[in-house]
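This structure is in structure tokens; I'll ask about it shortly.
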Amino acid sequence: MYFCIQDNYKSLNKLKILNDPIYGFISIPNELIFDIIEHRYFQRLRRISQMGLSYLVYPGAHHTRFHHALGCMHLMQKAIRVLKFKGVVITDEESNALLIAILLHDIGHGAFSHALENSIVEGISHEYISLQFMLALNDEFDGKLDLAIKIFKGNYKRLFFHQLITSQLDIDRMDYLKRDSFYTGVSEGNINSERIITMFNVVDNDLVIEYKGIYSIEKFLTARRLMYWQVYLHKTGLVAEKTLVKVLKRAKELSRKGIVLPASPAFSYFLENAVNTENWHNKSLNIFNDLDDCDVLSAIKQWQTHDDFTLSTLSKMIIDRKLPRVIIKNEAPKKTELKILNKNLLSVYPIKKSETSYFVDYGKIENLAYNKNQDPIKILYKNGDVTTFLRASDFNRSETLTKPIVKFYMYYPKLL
């Protein structure tokens, strides 16, 4: 009897309640999800920043992928309850699979999230790595993630399940806009996710929004557009991210020439080896799991005193926040501008001509709040008719949200 009581106690203790600054109390609904959250693969997300180096612009932006994943799970619980209340049949197995799929949708993000995607590994997206983590977890949990993986891949017969995970109005976007708005203090991104979810419905296997929620959708899309300009594409955050990418590029270049750089074993593995989809395996997955923001930042701190001028200078720019000057323009910089900057750079920095692109570079940024060429957000009228968001909304008279806004950036050291 004693052991039975202890077992029941341990079982009940897995139904935790967490306190989230955005939504209040978040409940963990069952033991399987608790065990997934407790797994070392998921716990790594505590050490992966949600917004890369954006804290160099917005000091409060230190939240992690762990926060975001739990927030998404909470919103998905709300969405399931709303749809069930409206008569949409969702089995307990499907509910659980939806929660697992959204919980793990970003588990493949590497150090500093999007900043180093396709830099740590080559030509591998975080979605691909997320799937590899899910497959590995599925093996450990005896196939209990089968349905979640089908939903994540878009292979399940009920299309709206996948739309809840990834679409132009998905749970992922609803959480990160509200969460990033809160932690940066940029109020323009503060959407009413609860109102939007309350307007969810399903028609012919498609996720739709009831018409009375249309203004909440307009606010959602406007908030997304403004958050990209004010936060995600902020010029200082942008140049910090580009500098971080250049640091890693230089470190890889030196490592593959046989120069040993101080770094953790996991970080050294990815510096010294070109890891791509062709040579990705379980060993790569476990080493990737050992790599997080701490490894990268710790290495960069040490590289500040390295003999290689390019590596040490770039590293100091990150650590001391002495970032390059960045200029945003409506058109690409002229070749003559870049030529003059490179010439001036060579007169100041003791580097080779082939190294100038580490300090002087340019590119383009694009902001598109709503893509009319992708699966549209659908609006449900009271009479049962369904139309697209652009037909139902006044926004169809303006190209503000549907026209890609392209701008160009150029950056260079401030001493030039």
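Every read-out reported here was derived from the displayed coordinates using simple, explicitly stated rules and does not represent laboratory data. Quantities reported herein were computed from a predicted structural model and do not represent experimental measurements. Virtual Cβ from ideal backbone geometry, glycine too; neighbours counted across all protein chains shown.
Eigenvalues of the Cα gyration tensor times 5, then square-rooted: what semi-axes does that give for segment 178-334, in whole angstrom, largest first?
40, 23, 14
Mind checking the angle between helix 293-303 and the chain's longest principal axis? C-alpha axes, 0 to 90 degrees, to the nearest 10.
Approximately 10 degrees, to the nearest ten.
Counting only other residues whose beta carbon sits under 15 Å from that of Leu137, what net charge do I get with K and R as +1, D and E as -1?
With Lys, Arg at +1 and Asp, Glu at -1, the net is -3.
Among residues other than Thr356 whose Cβ falls under 13 Å from its Cβ, what is the net charge (Lys/Arg +1, Asp/Glu -1)?
+4
Using only the alpha-carbon atoms, what does segment 150-201 span along each of its principal axes? Please give whole angstrom values in decreasing order.
Sorted largest first, the three principal extents are 40, 22, 12 Å.
How large is the charge dipole for the chain, taken about the Cα centre, if only the Cβ atoms of Lys, Arg (+1) and Asp, Glu (-1) carry charge, to the nearest 20 debye?
1660
Based on alpha-carbon atoms only, what is the radius of gyration of segment 115-259 relative to the globular estimate 2.2 N^0.38 Å?
Working it through for segment 115-259, the quotient is 1.33.
Mind listing P(r) for segment 330-416? All alpha-carbon pairs, 10 Å bins, whole percents.
That works out to 14, 29, 17, 14, 14, 9, 3, 0, in percent per bin.
Rounded to the nearest 0.05, what FRET efficiency is calculated for Ser298 and Lys343 with R0 set to 30 Å and r the Cβ-Cβ distance?
So, using R0 = 30 Å, E works out to roughly 0.25.
Please report the projected area of segment 311-354's Cα convex hull averaged over all directions, in nm².
For segment 311-354, the mean projected area of the Cα convex hull comes to 4.0 nm².
Counting each DSSP H run of 4 or more residues in the chain as -39500 (n - 2.57), what helix-only mean residue ellipticity at 222 nm follows after dividing by all residues, to the nearest 500 deg cm²/dmol?
Helices in the chain give a 222 nm mean residue ellipticity of -14500 deg cm²/dmol.
Averaging the inverse of every distinct alpha carbon separation and then flipping it gives the Kirkwood radius. What is it for the chain, in angstrom units?
Evaluated on the chain, it is 23.4 Å.
Per the Kirkwood formula on distinct C-alpha pairs, the Rh of segment 236-276 is how many angstrom?
After inverting the mean inverse Cα-Cα distance, the result is 10.9 Å.
Highest mean first, how do 300-309, 276-285, 261-270 rank when packing is the count of other Cβ atoms within 10 Å averaged over residues?
Ranking the peptides 300-309, 276-285, 261-270 by packing returns 261-270, 300-309, 276-285.
Any idea how far apart Leu135 and Glu278 come out in nm if each label point goes 7 Å out from Cα toward Cβ?
Here the answer is 1.8 nm between the modelled labels.
Okay, next question. Between Leu75, Leu207, Leu341, find the one with the highest GNM mean-square fluctuation for the chain; connect C-alpha pairs within less than 10 Å.
Leu341
Mind ranking 19-26, 355-362, 65-72 by how tightly packed they are, going by the mean number of other C-beta atoms within 10 angstrom, highest first?
65-72, 355-362, 19-26
For the Cα atoms of the chain, what angle does the longest principal axis make with the long axis of helix 335-348, in degrees from 0 to 90, nearest 10?
With rounding to tens, the tilt is 60 degrees.
Further question on the same structure: For a Förster distance of 51 Å, can you work out the FRET efficiency between the beta-carbons of Trp229 and Leu285, rounded to the nearest 0.05?
Working from the Cβ atoms, E equals 0.90.
In the neighborhood of Ile36, defined by Cβ-to-Cβ distances under 12 Å, what is the net charge if each Lys or Arg adds +1 and each Asp or Glu adds -1?
Computed value for this residue: -1.
Another question, then. As I understand it, the value is the acute angle between the Cα axis of helix 214-227 and the longest principal axis of the Cα atoms of the chain; what does it come to in degrees, rounded to 10?
Between the helix axis and the principal axis of the chain, the angle is about 20 degrees.
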